[in-house]
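To start, the structure under review is shown below, and the notes come after it.
The values are calculated or read from the model by the stated rules, or taken from the named source; none is laboratory data. It should be emphasised that the depicted structure is a prediction, and the values quoted were computed from it without experimental measurement. All Cβ positions, even for glycine, are placed from backbone atoms using ideal geometry, and neighbour counts span all protein chains on display. The protein model used for the area step is the full one, side chains on, heavy atoms only, and it has no ligands, DNA or RNA in it. Shrake-Rupley method; radii C 1.70, N 1.55, O 1.52, S 1.80 Å.
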Amino acid sequence: MHFSIKTDAKTNRAYMSAAVKSRELINNPFVNKGTAFTPQERDELDLHGLLPPAVSTIEQQLARNYNNFRAKPNNLEKYVFLNSLQDRNETLFFRFVLEHLEEMLPLVYTPTVGEACQRFSHIYRRARGLYIDYNQGSRIEKILRDFCDTPPSIIVVTDGERILGLGDQGVGGMGIPIGKLCLYTLCAGISPYDTLPVMLDVGTDNAERLADPLYLGLRHKRIRGEAYQDFIDLFVAAVKKVYSEALLQWEDFLKGNALRQLARFRDQLCTFNDDIQGTAAVVVAGLYASTRITNQSLREQRMLLAGAGAAAQGIADLFAAALQKEGLTLKEARGQIWTFDSKGLVTRDRRDLEDFKATYARDPGEVSNYDCKNQMRLTLPEVIRNARPTILLGTSGTRGAFSEEVIRVMAKVNARPIIFPLSNPTSLSECTAEDAIRWSEGRAIVATGSPFLPVEFNGRRYRIGQGNNAYIFPGVGLGATAGGVRRITDGMFMDAAKALAAKVTENDLRECAVYPELTRIRECSHAVACAVIKRAAAEGHADASMLTNLEARVERSMWFPDYLPVRYEM
Ligand code: NAD
């Protein structure tokens, strides 16, 4: 913020120099309380005349806003309303969203955020976070230095190229870091003063955006290759220098870039990629919980991934690691995983297989009736008949990929098939939760990527657990910040998955839900954070002293949106 306002995340207080004008104060969302400024504050801060006379409680403000919110005709309008509230008053915004968490999460994040990214240049009101475009390469350090009074503890960065399942949205991808950081605050109590969304604009290959006269990003095709990597390197070098203690999260990069940046920087600073590692942990947590319904061990599970991209890679690797923990060798563990992409089953006879696909590629000899000349003919149901997977995961970004036949075959080869159509947004889900339950005669254990309403089938109610990364990444961030964690490792994600699975209650399982109710998400983040710190200390990435009073320490570091006294700095 630019008004000499200093914020202290530890005491959660805002201090202001006397130079701050009252008008600027009520325009600053971090300290603004709107009509809730007390009579004493109105005297001391010279706010008289700038506000109507009645003083509201936060409850009255929440009620007023909820009435206005309900009057908005569609989800995009509701999203714009929430953005404006956040721009006016951060505390009230977070309190408002927390009070109605289940209703609001699909608005501040997927699916509505996807539509907001697509419409970004049309609904744009006010900048939030940092926009660093390719032409600013030499100035990145200064831009970072000038932006914050106090260094952020969590940065989420995107280049907008693979936004949810919606592809390249260019500068519009900024909606994702903003939304993700909102989730850090809501789900794990990371103070909004400590978060920084960043958009790295290197152009877009989205023809519709380039042709749009209102488009707000760089109006040229994406910079690629060495020039792109040099720009990313400049950004990371500046982050390391200016915000050396911050956690850097990569978000919605194209698969190749996502994997490259993670491999390049994971040992250089505290960093992770949620699309790969966070997804893997939340899915593996759901699988641990599913086996409590099927009464089988994890080592008995065979997984088929429909969609062999970044999400699939993270899931396959973490699942293989989990199987190894159950006593399998790496070769045996990988032998229980099948991948299927837009060309069909991934087999070793394919040419030019990238590393990940090659790792999990199957021997064509193990597939009956396999037509080597024409792999396209091997359909998903045929692969299921051959491989007899107990788990079918959808990470294909393809609506309808789980047809009635697919679900029926899964239900034929399993008493309780585990079926997670994970693609986002809702419109791209491989099937609906209701379809999976109906076509499997109520036997499928279903979790989805996007939220689905409970399903009634044959007199039974199925609550649909959402394999939402928000169960994992905010807790990882909380652990990293509260525990002074220096590096993020795959082991931490494994322990995070177990900690989340342990939060699934018998009552959840009776409803056939393999994730806890969203209303318990802060409790889940707390457990994930503690698990991350414990693992970090064991691996030498955090000081052992962090384990003293661990649970209370993490609890204390969680921010809750409440008004604090506002006063001038002495
Ligand atoms: P990606 O682009 O890296 O990979 C997509 C993969 O799907 C590619 O391998 C492609 O070949 C394959 N594919 C395309 N059409 C297919 C078809 N008809 N059948 C089978 N495979 C097909 O994308 P990603 O990052 O892996 O994400 C994929 C999807 O998973 C997205 O929709 C994303 O929103 C979703 N996702 C969900 C969660 C979650 O629910 N927690 C987390 C991460 C990603």
Answer with yes or no whether residue 337 is more than 11 Å from the ligand (Cβ to nearest atom) and either open to solvent by less than 30 Å² (accessible area, probe 1.4 Å) or among the β-branched types (Val, Ile, Thr) (or both).
-> yes
Scan the stretch 144-171 residue by residue and report those that are small (Gly, Ala, Ser) and away from the ligand (no atom under 16 Å from the Cβ).
-> 153, 170
Across the stretch 307-316, which residue is surrounded by the fewest Cβ atoms within 10 Å (Cβ to Cβ) among those that are touching an Asp or Glu at 6+ places or on another chain (Cβ under 7 Å) and not in a helix (DSSP H, G or I)?
-> 307
Among the residues of the stretch 293-303, write down those that are more than 15 Å from the ligand (Cβ to nearest atom) and either open to solvent by 30 Å² or more (accessible area, probe 1.4 Å) or among the aliphatic types (A, V, I, L, M) (or both).
-> 293, 295, 296, 297, 298, 299, 300, 302
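To keep it simple, each residue is scored yes or no on (1) of a type in the set (Phe, Trp, Tyr); (2) open to solvent by 60 Å² or more (accessible area, probe 1.4 Å); (3) under 30 Å from residue 445 (Cα atoms).
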site	(1), (2), (3)
512	no, no, yes
518	no, no, yes
528	no, no, yes
534	no, yes, no
560	yes, yes, no
565	no, yes, no
Would you say residue 53 is within 16 Å of the ligand (Cβ to nearest atom) and either within 21 Å of the chain's Cα centre (by Cα) or open to solvent by 70 Å² or more (accessible area, probe 1.4 Å) (or both)?
-> no
Looking only at the stretch 509-522, count how many residues are touching a residue at least 24 places away in the same chain (Cβ under 8 Å) and either more than 21 Å from residue 106 (Cα to Cα) or in a helix (DSSP H, G or I) (or both).
-> 7
Just checking, which of 482, 538 is within 19 Å of residue 270 (Cα to Cα) and surrounded by fewer than 24 Cβ atoms within 10 Å (Cβ to Cβ)?
-> 538
Could you run through the stretch 128-146 and say how many residues are open to solvent by less than 60 Å² (accessible area, probe 1.4 Å) and either of a type in the set (Gly, Ala, Ser) or part of a helix (DSSP H, G or I) (or both)?
-> 6
In the set 216, 262, 234, the lone residue that is open to solvent by 60 Å² or more (accessible area, probe 1.4 Å) and touching a Phe, Trp or Tyr at 6+ places or on another chain (Cβ under 7 Å) is 216
Residue satisfying all of: in the stretch 451-473; out of contact with any strand residue (DSSP E or B) (no Cβ under 9 Å at 6 or more places or on another chain) and open to solvent by less than 10 Å² (accessible area, probe 1.4 Å); farthest from residue 503 (Cα to Cα) among these = 470
Selection from the stretch 157-189 of residues open to solvent by 10 Å² or more (accessible area, probe 1.4 Å), over 15 Å from residue 128 (Cα atoms) and aliphatic (A, V, I, L, M) yields 164, 166
Regarding residue 283, is this residue in contact with a Gly (Cβ under 6 Å, 6 or more places away or on another chain) and not polar (S, T, N, Q)?
-> yes
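Condition check ((1) open to solvent by less than 60 Å² (accessible area, probe 1.4 Å); (2) assigned to a strand (DSSP E or B); (3) farther than 24 Å from residue 179 by Cα; (4) more than 16 Å from the ligand (Cβ to nearest atom)) across all residues:
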site	(1), (2), (3), (4)
249	yes, yes, no, no
258	yes, no, no, no
276	yes, no, no, no
279	yes, no, no, no
291	yes, no, yes, yes
305	yes, yes, yes, no
318	yes, no, yes, no
327	yes, no, yes, yes
Per the filter on the stretch 40-50, residues open to solvent by 80 Å² or more (accessible area, probe 1.4 Å) and in contact (Cβ under 8 Å) with a residue 40 or more places away in the chain are 44
Quick count over the stretch 162-212, residues being assigned to a helix (DSSP H, G or I) and over 15 Å from the mean Cα position of the chain (by Cα), is 11
If you check residue 97 against the conditions, is it in a helix (DSSP H, G or I), open to solvent by less than 10 Å² (accessible area, probe 1.4 Å) and at pLDDT 95 or above?
-> yes
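Output yes when any residue across the stretch 61-81 is within 17 Å of residue 180 (Cα to Cα) and hydroxyl-bearing (Ser, Thr, Tyr), and no when none is.
Within the stretch 61-81, one or more residues are within 17 Å of residue 180 (Cα to Cα) and hydroxyl-bearing (Ser, Thr, Tyr).
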All-but-one check, residue 152 against (1) at pLDDT 95 or above; (2) part of a helix (DSSP H, G or I); (3) open to solvent by less than 10 Å² (accessible area, probe 1.4 Å), failing number (2)
